[in-house]
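Below is one structure; the comments refer to it alone.
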Amino acid sequence: MRLLLDEHLSPEIARQLRARSHDVETAAERSDLVALPDHELFERMAAERRAILTNNVPDYVRLFHASLSSGQEHCGLVLFDDRSMPRSRKTIGLFVRELDAFLQANPAEDALLNQLRWLPGG
């Protein structure tokens with residue numbers, strides 16, 4: 001699976017996952033994605049065949065359902081909540097462990113085709 005971490009996540013998470021041979025990028029690492037509106041990022045990642053990890057639940061769930069309603073395919077949406085997976089320097093390891101296990105369990109590019117999952121345990 002190819003995965004994009006939304007721009008509010010540390011690029012260090014992506015670096016550590018790439019060191020484990022996962023295809024992971026962050027919006028913060030790509031100048032063409034920085035500050036891109038959510039709907040454009042969602043469409044761009046569908047074209048690139050990348051799932052998206054974000055905690056922006058309201059906006060991305062709306063985009064997810066709109067995509068399903070219109071029959072447009074996307075490669076998946078992975079959501080997390082700041083209460084169960086808070087974002088800080090201290091939790092980078094938590095994100096790396098959870099995502100490493102998740103990506104190992106879902107290696108195929110289309111593993112999340114038109115699906116929504118939650119971390120942890122998604």
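Condition check for Pro120 on (1) touching a Ser or Thr at 6+ places or on another chain (Cβ under 7 Å); (2) free of Cβ contacts under 8 Å to residues at least 24 places away in the same chain: one failure, at (2). Taking the range 85-122 as the range and being of a type in the set (Lys, Arg) and surrounded by fewer than 16 Cβ atoms within 10 Å (Cβ to Cβ) as the test, the residues that pass are Arg89, Lys90, Arg97. Looking only at residues of the range 29-54 that are small (Gly, Ala, Ser) and crowded, with 17+ Cβ neighbours inside 10 Å, we find that the one that is modelled with the highest pLDDT is Ala51. Scanning the range 1-30 for residues that are charged (D, E, K, R), touching a residue at least 12 places away in the same chain (Cβ under 8 Å) and outside any helix (DSSP H, G or I), we see that the one that is farthest from Tyr60 (Cα to Cα) is Arg20.
Considering Val57, Val96, Val61, the condition of being β-branched (Val, Ile, Thr) and at pLDDT below 95 is satisfied by Val57 alone. Among all residues of the range 88-107, there is at least one that is assigned to a helix (DSSP H, G or I), free of Cβ contacts under 8 Å to residues at least 60 places away in the same chain and in contact with a Gly (Cβ under 8 Å, 6 or more places away or on another chain).
The values are calculated or read from the model by the stated rules, or taken from the named source; none is laboratory data. Predicted model only: the values in this text are computed from it and were never measured. Note that each Cβ is placed from the backbone with ideal geometry, even for glycine, and that neighbours are counted across all protein chains shown.
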